[in-house]
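Please read the structure below before turning to the comments.
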Amino acid sequence: MNKGNVSVQKWPASSRVFHWISALLLLVTWLLMLMYSYDESKVYLGLHKAFGISVLFWMIARVINRVFVKAPPSVPMPKWQTIIAHLTHFALYALLIAMPIAGLLMSVYGGRPVDMFGLFQIPVFVTPDRGMARFYNDVHTEIIWPMIIAFTVAHIGAALYHQFIKKDNLMKRM
Ligand code: HEM
Ligand code: HEM
C-alpha cells in the first residue's frame with residue numbers, strides 16, 4: 001500500500017465522542033484540583049469529586065460501547081508498536097476507572113458523602129476508617145495519578161509522532 005493513498009478509516013462516531021469527552025472530563029477534573037491547590041475552596045474540591053465521578057460513569061459507558069463497536073483496522077506499523085499501543089490504551093481505560101474509585105473510597109472512608117452537582121449524593125456506604133481513607137488517598141495521589149500522567153504523555157507523544165513525523169493521518173481516525 002502506498003502511504004499517500006490510504007483513505008483514513010475512522011473510529012465510529014460514538015467512539016470518537018467517548019474519546020474526546022473523556023479527555024475533556026479528565027482535563028476539567030485535573031484543572032479543578034489545580035485550582036484547589038492554589039485556593040483551598042471547598043467549591044473546587046466538591047466539583048473535582050463530581051467531575052471525577054462523572055469520569056467513572058462516562059468510562060463505564062465507554063467500555064460498554066467499546067464492546068459493541070468494531071475497531072477500524074490498525075494502521076500499518078511494526079508489530080511491537082501495535083502491541084505497545086494496545087497496552088497503553090488498555091492501561092488508560094483501567095486507570096481512568098481505578099482513579100475515581102480510589103477517590104470515592106478516600107471520601108467515604110473519610111466519612112464524607114459525595115455531592116453530584118446538587119443532583120444527588122453518593123452516601124457513605126462503608127464504616128469510616130481513617131487508615132483506609134489515608135490508604136486510598138495515597139493510591140489516588142501517589143500511585144494512580146503518576147501512572148495516568150505517564151501513559152497520557154506517552155499516548156499524546158505517540159499521536160504527535162504519527163502526525164508530524166510519520167505523517168500517516170492516524171490522528172484523523174479519532
Ligand atoms: C479521573 C478522576 C480523577 C482524577 C484524574 C483525579 C485527580 C486528582 C489529583 C491530580 C489530585 C491531587 C494529587 C496531589 O496532591 O498531587 C487529587 C486529589 C484529590 N482527589 Fe481526585 N481525581 C479524580 C477523581 C476523584 C474523585 C471521584 C474523588 C472523590 C469522590 C476525588 C477526591 C480527591 C480528594 C479528596 C483529593 C485531595 C487529596 C488531598 O488533598 O490529600 N478525586 N485528585
Ligand atoms: C491531545 C490529546 C489526544 C490525542 C491527539 C489522542 C489521539 C488518539 C488517537 C489518534 C487514537 C486512535 C488510535 C488508533 O486508531 O490506533 C486514540 C485512542 C485512544 N485514546 Fe487518545 N488522544 C488524546 C488524549 C487522550 C486522553 C487524555 C486519553 C485518556 C487518558 C486517551 C485515551 C485513549 C484510549 C483509551 C484510546 C484507545 C481507544 C480504543 O482502542 O478503544 N486519549 N487517541
Some residue of segment 160-173 being surrounded by fewer than 16 Cβ atoms within 10 Å (Cβ to Cβ), charged (D, E, K, R) and closer than 18 Å to residue 23 by Cα: yes
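Only one of 18, 68 is among the hydrophobic types (A, V, I, L, M, F, W, C) and surrounded by 16 or more Cβ atoms within 10 Å (Cβ to Cβ). Can you tell me which?
On the way: 68 fails: surrounded by 16 or more Cβ atoms within 10 Å (Cβ to Cβ).
Exactly one residue qualifies, and that residue is 18.
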Residue match in segment 72-89 (condition: in contact (Cβ under 8 Å) with a residue 12 or more places away in the chain and farther than 23 Å from residue 8 by Cβ): no
Unique match (being within 27 Å of residue 43 (Cα to Cα), part of a helix (DSSP H, G or I) and charged (D, E, K, R)) among 115, 138: 138
Residue in segment 100-108 that is surrounded by 13 or more Cβ atoms within 10 Å (Cβ to Cβ), in contact with a Gly (Cβ under 9 Å, 6 or more places away or on another chain), within 23 Å of residue 31 (Cα to Cα) and not hydrophobic (A, V, I, L, M, F, W, C) present: yes
Pair list, Cβ under 7 Å, 6 or more apart: segment 101-117 residue touching a residue at least 24 places away in the same chain (Cβ under 8 Å) and away from ligand 2 (no atom under 16 Å from the Cβ), other residue aliphatic (A, V, I, L, M) and open to solvent by 60 Å² or more (accessible area, probe 1.4 Å): 109/132
Residue selected from segment 119-135 under the condition outside any helix (DSSP H, G or I) and either of a type in the set (Asp, Glu) or open to solvent by 70 Å² or more (accessible area, probe 1.4 Å) (or both), by the criterion farthest from residue 108 (Cα to Cα): 119
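The values are calculated or read from the model by the stated rules, or taken from the named source; none is laboratory data. Bear in mind the structure is a predicted one, so any value in this text is a computation, not a measurement. Every residue, glycine among them, receives a Cβ derived from its backbone with ideal geometry; neighbour counts consider all protein chains shown. Ligands, DNA and RNA are stripped out before the accessible areas are found, and what is left, the full protein with its side chains, is counted by its heavy atoms. Shrake-Rupley method; radii C 1.70, N 1.55, O 1.52, S 1.80 Å.
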